[in-house]
1. When the residues of the stretch 32-57 are filtered to those that are outside any strand (DSSP E or B) and among the small types (Gly, Ala, Ser), which remaining residue is farthest from residue 16 (Cα to Cα)?
2. Filter the stretch 8-27 down to residues that are within 12 Å of the chain's Cα centre (by Cα), closer than 17 Å to residue 59 by Cβ and either in contact (Cβ under 8 Å) with a residue 12 or more places away in the chain or assigned to a loop (DSSP other than H, G, I, E, B) (or both), then give me how many there are.
3. Among what's in the stretch 58-71 and is at pLDDT below 95 and not in a strand (DSSP E or B), pick the residue that is nearest to residue 19 (Cα to Cα).
4. Would you mention how many residues in the stretch 16-45 are farther than 14 Å from residue 5 by Cα, loosely packed, with under 14 Cβ neighbours inside 10 Å and modelled with pLDDT of 90 or more?
Amino acid sequence: MANDHVYRVGDPQARRVDEVSVNGVPVRKAFYADTKRGVVKAFRDPLKKHKHGKRFLTRTLRGHVEVTLRG
């Protein structure tokens, strides 16, 4: 069963994503978007590492999520 409302990096459906916006504001470096739940996860801009340097910091945004597809 395919989830048409979930976009993740690496999925064939996500390759067509042109822009992700939350409440009308474009979000850069988004790696997960769920239009049904209204959740977007994105890397910080500019990229920041955790204090121990093992992972990059992310932020979770909630609201009305719109995903614009190419083509």
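The values are calculated or read from the model by the stated rules, or taken from the named source; none is laboratory data. None of the values given here were measured: they were computed from a predicted structure. No Cβ is skipped: glycine too gets one built from the backbone with ideal geometry, and neighbour counts run over all protein chains shown.
1. So the residue we want is 53.
2. Residues meeting the conditions: 6.
3. Looking at residues that are at pLDDT below 95 and not in a strand (DSSP E or B), I get 70.
4. So the answer is 8.
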